[in-house]
Number of protein chains: 2
Amino acid sequence: MSRFWSTIVSELTPYIPGEQPKLPDLVKLNTNENPYGPSPQVLAALHEAANDSLRLYPDPSASELKQTLADYHGLNSAQVFVGNGSDEVLALAFMALLKHDAPLLFPDISYSFYPVYCKLYGIDYRTVALDDAMRIRPEDYQGPCGAIIFPNPNAPTGVDLPLAGVEAMLRDHPDAVVVVDEAYVDFGGESAVALVERYPNLLVVQTFSKSRSLAGLRVGCAFGHADLIEALERVKNSFNSYPLDRLALAGAVASLHDEAYFQQTRQAVIASREQLAADLTELGFEVLPSVANFVFARHPQHDAAQLAAGLRARCVIVRHFNAPRISQYLRISIGNVGECAALMAALRELLS
Amino acid sequence: MSRFWSTIVSELTPYIPGEQPKLPDLVKLNTNENPYGPSPQVLAALHEAANDSLRLYPDPSASELKQTLADYHGLNSAQVFVGNGSDEVLALAFMALLKHDAPLLFPDISYSFYPVYCKLYGIDYRTVALDDAMRIRPEDYQGPCGAIIFPNPNAPTGVDLPLAGVEAMLRDHPDAVVVVDEAYVDFGGESAVALVERYPNLLVVQTFSKSRSLAGLRVGCAFGHADLIEALERVKNSFNSYPLDRLALAGAVASLHDEAYFQQTRQAVIASREQLAADLTELGFEVLPSVANFVFARHPQHDAAQLAAGLRARCVIVRHFNAPRISQYLRISIGNVGECAALMAALRELLS
């Protein structure tokens with residue numbers, strides 16, 4: 001604490017991202033990155049864009065990327081917002097749309113950045129417990145409610161709420177913004193983008209970090225009614241005019257143009273997830289049904305923290321959250337075939 | 001206004017950046033970009049970094065870039081902060097360090113984003129008039145003061161406050177953070193980075209957008225006492241863990257390693273500025289003494305808005321601010337030799 005700090009600073013408990021160790025030969029299954037690189041068309045576009053035009057500012061309104069996203073999803077560009085990763089999009093959404101007199105609601109087991117944003121912006125919130133199967137139950141979101149946010153599929157569980165459930169939330173709360181955070185939706189979930197035209201209170205947030213293998217490029221986006229998008233634009237343009245650089249814009253547009261690669265890599269991840277879930281189950285793990293690019297699993301006879309430490313000693317890193325209800329789970333990102341095999345070999349050794 | 005908006009949204013007056021028209025053959029002297037491209041070493045680093053590793057998140061603490069900046073300025077990395085352009089760095093500084101009970105002070109003629117940040121974060125502020133020669137006078141910054149911020153050289157005037165004046169501000173206000181916004185310092189100003197070790201209340205903000213020709217890459221930085229940097233880190237890590245993508249990090253590091261190119265291009269811009277100022281003076285303009293990569297000039301017999309419109313009709317765009325005290329000035333970015341010549345030819349035609 002310093003006398004120079006604004007009051008808010010000492011009250012913050014910053015988010016701690018999964019570590020990015022710089023060791024070689026690590027099997028890195030801790031931050032839900034895609035095991036496959038970005039589309040070759042993305043890399044080609046980046047090479048082309050790395051030229052003298054970098055002396056110029058990017059398009060502050062990111063028109064081409066917005067139009068490309070709009071075309072991809074059958075929307076118009078006034079229904080599209082883009083930002084520096086979905087974390088920035090979420091941060092701006094918390095400020096622009098989720099601060100109201102009544103509390104914001106989100107699941108008790110959820111993305112751990114949500115309470116951090118609430119603290120940053122002074123947003124009152126209430127968590128709603130997942131059921132015993134770690135599912136979101138729309139009927140539990142009754143009572144005073146300024147807005148609602150939840151990941152779908154949920155993080156770190158990987159469990160999804162079917163679209164009918166999302167629609168129930170939207171119908172039950174016509175006067176509250178409902179943000180559906182779809183960071184992982186492309187690995188088997190049902191996207192709520194299809195509902196944007198029908199529900200003016202829906203904001204869907206997505207990212208290029210996971211299914212488009214571009215965590216290193218920082219591109220996120222949101223879809224919703226033009227009024228909601230305008231709120232995000234107003235706050236964004238009061239914060240930073242150009243959060244997306246010229247290379248990120250070029251790479252993101254190219255990614256959307258290579259549908260074949262997108263389908264191929266996401267299917268490969270889905271196939272590996274199904275195989276890994278089966279292998280873990282065979283080893284005695286209880287694996288939650290995941291539609292994400294990770295699984296959330298616990299072993300009835302082995303402590304999760306000890307397993308994580310044992311894996312780390314074998315150069316495999318997974319994520320362990322020392323938090324209520326989930327401290328006996330490991331969140332394991334889906335690697336490529338070799339990484340999954342290395343994980344299983346290390347686990348077999350640990351459990352034997 | 002929508003019922004879904006947080007209260008703050010309807011109160012905002014977003015910053016409007018200079019336009020980024022997509023027309024070819026435009027002489028674009030409106031947003032203070034560098035007329036020269038980035039260092040060839042930067043482009044080579046970007047080509048090298050555009051590979052499969054983009055599937056991975058960037059280093060959230062940007063350790064290599066911070067260390068490179070620290071080495072460059074003779075500081076340690078705990079005295080360095082980096083962000084998505086100096087606009088994001090400033091936004092975080094407003095939130096982390098400039099919100100206090102007493103008002104924030106800044107010049108009446110200054111970067112027009114400052115009052116926007118104040119509105120966003122609910123910061124009370126008071127503007128202090130520049131003197132008649134458009135200079136900042138430290139002795140005018142007396143009275144209740146929670147913090148101070150000013151660009152040096154100032155924008156959009158280009159006029160600098162000598163380092164002795166900056167030091168007077170720091171000494172006069174030992175309990176207030178003083179932010180020196182040095183976006184344009186490399187074109188002839190004196191940097192306050194040299195004072196960081198001696199004044200715990202000093203934060204210096206810089207950018208790679210101007211003198212390093214990387215407006216399109218979005219990299220800004222700040223230097224100050226570790227306590228001030230920690231405040232920025234806490235807010236940044238409560239907002240967005242990775243505002244700098246892998247390519248921006250690689251390009252910025254490479255830029256710092258090519259000192260020869262940096263010196264060569266900044267000297268070329270300085271030489272063009274001196275020539276342009278002389279040419280404009282010869283045409284009857286009053287040109288403020290600039291140490292930036294732009295000049296701020298007015299013509300006693302010609303209306304600035306009409307001149308700007310006349311230039312635009314001749315495919316030359318400059319910036320005109322319709323604001324008190326400066327509505328008769330044009331802010332003209334320093335182009336390359338051909339661009340400056342095109343500007344002068346168009347002006348001669350307009351004034352004849």
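Read-outs: derived from the displayed coordinates by stated rules, not from any lab. Nothing here was measured: the structure is a model prediction, and the numbers come from that model. Cβ coordinates were reconstructed from backbone atoms using ideal geometry, including for glycine residues, and neighbour counts include every protein chain displayed.
Separation of the stretch A:90-165 from the stretch A:1-78 is 23 Å, based on Cα centroids. The same position A:Arg325 in the other copies lies at 5.6 nm from this copy, comparing label points 7 Å beyond Cα toward the beta-carbon, shortest first. The reciprocal of the average 1/r between distinct C-alpha atoms defines the Kirkwood hydrodynamic radius, which for the stretch B:105-162 equals 11.8 Å. Classify the stretch B:170-235 as rounded, prolate or oblate, taking a ≥ b ≥ c as the square roots of the eigenvalues of its Cα gyration tensor: rounded when a/c is under 1.5, otherwise prolate if a/b is larger than b/c and oblate if not. Oblate, because a/c is 1.5 or more while a/b does not exceed b/c.
For the stretch B:308-329, the residues whose backbone nitrogen is under 16 Å from a point 7 Å from the Cα of B:Asp25, taken along Cα to Cβ, are B:312-317. Using Cβ point charges alone (K and R +1, D and E -1), the dipole size of the protein assembly as shown about the Cα centre works out to roughly 20 debye. Fully extending the segment from A:Tyr36 to A:Asp132 would add 31.2 nm, taking 0.36 nm per residue of separation and subtracting the current Cα-Cα distance. Place the label 7 angstrom along Cα→C-beta at A:Asp140 and in each other copy, then list the distances from the first to the rest in nm, shortest first. Inter-copy label distances (nm, one decimal, shortest first): 6.0. Partner lysines whose Cα lies under 21 Å from the Cα of A:Lys22, excluding those fewer than 8 positions away in the same chain, are identified as A:Lys210, B:Lys66. With Cα atoms defining each centre, the stretch A:294-352 and the stretch B:315-350 are spaced 63 Å apart in the structure.
Distances from A:Asn336 to itself in the other copies, using label points 7 Å out along the Cα-Cβ axis, amount to 4.2 nm in increasing order. When each of B:Arg312, B:Arg3, A:Arg218 is scored by the number of other beta-carbon atoms lying within 10 Å, the sequence from fewest to most is B:Arg3, B:Arg312, A:Arg218.
Evaluated at q = 0.10, 0.11 Å⁻¹, the base-10 log of the normalised Debye intensity for the protein assembly as shown, with identical point scatterers placed on the Cα atoms, takes the values -0.97, -1.16. Across chain A, the relative contact order, built from alpha-carbon pairs under 8 Å that are at least six residues apart, equals 24 percent.
Computing FRET efficiency as 1/(1 + (r/R0)^6) for B:Asp303 and A:Glu259, where r is the C-beta to C-beta distance and R0 is 51 Å, gives about 0.40.
Under a model in which nothing but the beta-carbon of Lys, Arg (+1) and Asp, Glu (-1) is charged, the stretch B:181-240 shows a dipole of about 260 debye around its Cα centre. Over chain A, all Cα pairs binned in 10 Å intervals from 0 give whole-percent P(r) values of 5, 24, 32, 26, 11, 1, listed from short to long.
Relative to its Kirkwood radius, the Cα radius of gyration of the stretch A:56-257 gives an Rg/Rh of 0.94.
Pairs of Cα atoms in the stretch A:1-82 fall into 5 Å distance bins, from 0 up to the last occupied one, in shares of 3, 10, 9, 10, 13, 15, 17, 14, 9, 2, 0 percent.
Simple spin-label estimate for B:Asp124 and B:Arg314 gives 5.0 nm between the two label positions (7 Å along the Cα-to-Cβ direction from each Cα).
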